[in-house]
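Reviewing the structure listed below.
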Amino acid sequence: LWYERAAKGGDNESALVIGIRYEQGFGVRQSPALAAKWYREAISDTTDTEVPRHIMGHAELHLAYLYDDGALGHHRDALEAGRWYRRAISNLVGEAFIAVAKDRYGRCTAGTNGPSTGEEKPQESRRE
């Protein structure tokens with residue numbers, strides 16, 4: 001993969017693209033664990049240049065999705081998802097992405113996946 005060579009060379013955007021490919025199984029075998037690895041690589045500052053906010057925000061948002069959906073273990077980790085949503089909100093560019101992150105962060109901090117009345121609310125699509 002060209003993206004993998006670029007990511008290993010410090011290209012954060014390539015690492016984000018690889019993470020999305022593994023998360024969605026696009027051209028590779030779907031693997032949430034590998035997706036998380038590449039998202040973390042995308043937000044790491046391994047070069048002398050600063051990671052662009054939009055790259056960092058999207059990688060953080062996708063990490064939050066993985067924890068929120070329980071894709072990285074046997075159950076949903078609302079606390080860890082909330083931590084990543086909170087980070088993503090401060091770095092995301094674009095009102096739609098920020099709104100999604102704030103909505104999902106609110107669910108994580110409430111400790112539920114829906115309203116506090118105890119009623120189950122159907123989970124909305126997490127993608128824009």
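Quick notes on this one:
- Solvent-accessible area per residue, Å², over the stretch 1-106 with all protein chains present [probe radius 1.4 Å]: 54
- Each residue, R86 and Q24, gets one label point 7 Å from its Cα in the Cβ direction; the gap between the two is 3.0 nm.
- Here the calculated FRET efficiency for T109 and D69, from their Cβ-Cβ distance with R0 = 25 Å, stands at 0.90, rounded to the nearest 0.05.
- Sites V93 and K37, calculated FRET efficiency, Cβ-Cβ separation with R0 25 Å, nearest 0.05: 0.55
The values are calculated or read from the model by the stated rules, or taken from the named source; none is laboratory data. The model shown is predicted, which means the values in this text are computed figures rather than measured ones. Positions of Cβ are generated from backbone atoms using ideal geometry, with glycine treated the same way; all protein chains shown enter the neighbour counts. When the accessible area is computed, the model is the full protein with side chains, heavy atoms only, and any ligands, DNA or RNA have been set aside. Shrake-Rupley method; radii C 1.70, N 1.55, O 1.52, S 1.80 Å.
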